[in-house]
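The values are calculated or read from the model by the stated rules, or taken from the named source; none is laboratory data. Because the structure is predicted, anything quoted here is derived from the model rather than measured. For neighbour counting, all protein chains shown are included, and Cβ atoms are generated from backbone atoms with ideal geometry for every residue, glycine included.
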Amino acid sequence: MDSYLKKILVSQPEPKGEKSQYYDIAERYNVKIVFRPFIKIEPIGAKEFRTQRINILDYSAVILTSKTAIDHYFRLSEEMRLQIPETMKYFCISETVAVYLQKYIQFRKRKIFFPASGKMEDMIVTINKHNKETFLIPVTDVHKEDLTKPLDDKKIRYAKAIMYRTVSNDFTADEPLDYDILLFFSPSGIVSLLKNFPDFEQKDTVIGTFGPTTAKAVRDAGLRLDIEAPNPGAPSMTAALDQYLKTVVKPVAKKK
């Protein structure tokens, strides 16, 4: 089985800097890893955002489901010259997303919350314990209701704020999809896959996802999900990929 696992597509931009778990994995298993986003993000400017009639500072807490949501929440706040108060509370989908907040704020446990499992339902439980807060959810223009329905059921006060657009990053006519493993990080990536390759047949292609909504998008598309993160033994996509490769590929012996 390991003979054909040679080329992996990570549908994200290449990490900045030399250190990345992906590079370690490529060396450990002698595989080629290509960073090729299936989607691209377009920011929504302050002028267009104001048409939604949402005042960011009217909310005492923010629900963050991705690093992209964090970037655009703080980008728009800066563009609109808003000072986010120290009392703001942040509810994140996973520890990875929560730690990313350090890029913008001082990490304090008393105001940053995330489920150890990385699952949406566990985040909802935590949010419900703080149901006196008013929540703002930064989202893209195309999003599912996986989060908002449970909030409605719990009668949580919230508003969705569209802060960026997700558009397909189309493949060129001469760009083949010749990968053994495809890794996705948002439902939009699956939409883009099927748009760019409407005749796509999975066959032996391994598909991996990060996050429950992306996993659901794969299954809803009738595709087979082989690698799912986060999971109890792998909190990140790189950990889940390493976990999978360990079972099917013999690691390359390190040179002494």
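For the subset of the stretch 17-74 comprising residues that are of a type in the set (S, T, Y) and more than 16 Å from K160 (Cα to Cα), which member is surrounded by the fewest Cβ atoms within 10 Å (Cβ to Cβ)? The selected residue is Y23. Evaluation of T166 against the conditions (1) within 20 Å of F35 (Cβ to Cβ); (2) more than 15 Å from the chain's Cα centre (by Cα); (3) not in a helix (DSSP H, G or I) shows that the sole unmet condition is (2).
Among the conditions (1) farther than 21 Å from S20 by Cα; (2) assigned to a loop (DSSP other than H, G, I, E, B), the only one that L194 does not satisfy is (2). With the condition kept exactly as written, say whether any residue in the stretch 104-126 is within 20 Å of the chain's Cα centre (by Cα), closer than 16 Å to M163 by Cβ, without any contact (Cβ under 8 Å) to a residue 40 or more places away in the chain and not assigned by TED's automatic domain parsing to the domain that holds P232. Yes, some residue in the stretch 104-126 is within 20 Å of the chain's Cα centre (by Cα), closer than 16 Å to M163 by Cβ, without any contact (Cβ under 8 Å) to a residue 40 or more places away in the chain and not assigned by TED's automatic domain parsing to the domain that holds P232. Scanning the stretch 143-163 for residues that are outside any loop (DSSP other than H, G, I, E, B) and in contact (Cβ under 8 Å) with a residue 40 or more places away in the chain yields Y158, A159, A161, I162, M163. All of (1) in a helix (DSSP H, G or I); (2) under 20 Å from K7 (Cα atoms) hold for P251 with one exception: (1).
Out of the residues in the stretch 136-174 that are polar (S, T, N, Q) and within 20 Å of Y90 (Cα to Cα), which is surrounded by the most Cβ atoms within 10 Å (Cβ to Cβ)? Checking each candidate, the answer is T140. Taking the criterion of being small (G, A, S), buried (at least 20 other Cβ atoms within 10 Å of the Cβ) and part of a loop (DSSP other than H, G, I, E, B), the residues of the stretch 75-121 that qualify are S94, G118. Taken over the stretch 11-34, the criterion of being among the hydrophobic types (A, V, I, L, M, F, W, C) and either outside the structural domain of V191 (by TED's automatic domain parsing) or in a loop (DSSP other than H, G, I, E, B) (or both) is satisfied by V31 alone.
This table checks each residue for (1) β-branched (V, I, T); (2) in contact with a strand residue (DSSP E or B) (Cβ under 8 Å, 6 or more places away or on another chain); (3) modelled with pLDDT of 90 or more; (4) under 26 Å from K40 (Cβ atoms).
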{"residue": "Y90", "(1), (2), (3), (4)": "no, yes, yes, yes"}
{"residue": "I112", "(1), (2), (3), (4)": "yes, yes, yes, no"}
{"residue": "P115", "(1), (2), (3), (4)": "no, no, yes, no"}
{"residue": "E121", "(1), (2), (3), (4)": "no, no, no, no"}
{"residue": "V125", "(1), (2), (3), (4)": "yes, no, yes, no"}
{"residue": "K129", "(1), (2), (3), (4)": "no, no, yes, no"}
{"residue": "I137", "(1), (2), (3), (4)": "yes, yes, yes, yes"}
{"residue": "A161", "(1), (2), (3), (4)": "no, yes, yes, yes"}
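The residues of the stretch 169-191 that are under 16 Å from L225 (Cα atoms), assigned to a loop (DSSP other than H, G, I, E, B) and at pLDDT below 90 amount to a single one, S186. For the stretch 219-256, filtered to residues that are surrounded by 17 or more Cβ atoms within 10 Å (Cβ to Cβ) and within 14 Å of the chain's Cα centre (by Cα), the residue that is farthest from T65 (Cα to Cα) is T238.
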